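Trainee: Please find one structure pasted underneath; my questions will follow.
The values are calculated or read from the model by the stated rules, or taken from the named source; none is laboratory data. What you see is a predicted model; the values in this text were computed from it and never measured. Here the Cβ positions follow ideal geometry from the backbone for every residue, glycine too, while neighbour counts run over all protein chains shown.
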Amino acid sequence: DQGSQYAVNQLLKYVIYTMAALWAISSLGVNMTVLWGGGAALLVGLGLGLQQTFNDFFSGVLLLFERSVDVGDVLKIDGKVGTVKEIGLRTSLVETRECITIIVPNSKLVTDKVVNWSHYDEASRFDVRVNVAYGSDTKLVKRILLKVAMEHPAINEQPSPFVRFTDFGTSHLSFQLLFYSRSLIRIEDVQSDLRFEIDVAFKEHNIHIPFPQQVIWLKGNDNKLTDEGFKH
């Protein structure tokens, strides 16, 4: 696949560069034993000053070998969702939904909490939540939500969408429409489409989405204050 090919190409490139550099130094007549000894001392000094850089470097090597993140994966990092475009030895490039390229240190991909939406499966599960008024036909609400989901081209037929009746709220009945989709980067557009269609379908079937209501009782008398005013 794309991720495997990219990882192999990157590793081969770095190995070839390293061997070419060593061969060039050796062909110049440089004593490699002295070079290795001096290089070790130099690396100790550099390591203290460039600790984070080396951390990013070894994290990049780990990513290429471990492949917990591949090119083409859709990640969620620090609240941002984007597609991995390139994995380098020190940094990786992630393109967000807004077509903005973020340069991410490789150590962040290894040590921080990163959500990989597409590592094992290209489809992920998402949901749309909706409330309806008490007295609504709950079976009809379920049928409408499923129909809207199954008619959307970006929603997978398998696993099929399903509906949960999640709660009896203070002034509403709560439902959750769950579905699988491969449109990971544009999933917010898919959810927006569903809400538009749900609103239209609810109006056609006279199903109301309620607004919050409060009833206030005044202590010491029989008056009740509602949104319409006082009742005796």
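Trainee: Within segment 130-152, does at least one residue satisfy the condition of being under 29 Å from VAL69 (Cβ atoms) and either at pLDDT 95 or above or more than 26 Å from the chain's Cα centre (by Cα) (or both)?
Mentor: No, there is no match, as no residue in segment 130-152 is under 29 Å from VAL69 (Cβ atoms) and either at pLDDT 95 or above or more than 26 Å from the chain's Cα centre (by Cα) (or both).
Trainee: Could you check GLY135 against (1) without any contact (Cβ under 8 Å) to a residue 12 or more places away in the chain; (2) of a type outside the set (A, V, I, L, M, F, W, C); (3) part of a strand (DSSP E or B) and say which number it fails?
Mentor: Single failed check for GLY135: (3).
Trainee: Here is a further query. What single numbered condition from (1) closer than 25 Å to ARG97 by Cβ; (2) free of Cβ contacts under 8 Å to residues at least 60 places away in the same chain; (3) hydrophobic (A, V, I, L, M, F, W, C); (4) in contact with a strand residue (DSSP E or B) (Cβ under 8 Å, 6 or more places away or on another chain) fails to hold for PHE175?
Mentor: Every condition holds for PHE175 apart from (1).
Trainee: Looking at ILE216, ILE209, can you tell me which residue is at pLDDT below 90 and either aliphatic (A, V, I, L, M) or within 30 Å of PHE179 (Cα to Cα) (or both)?
Mentor: The conditions single out ILE216.
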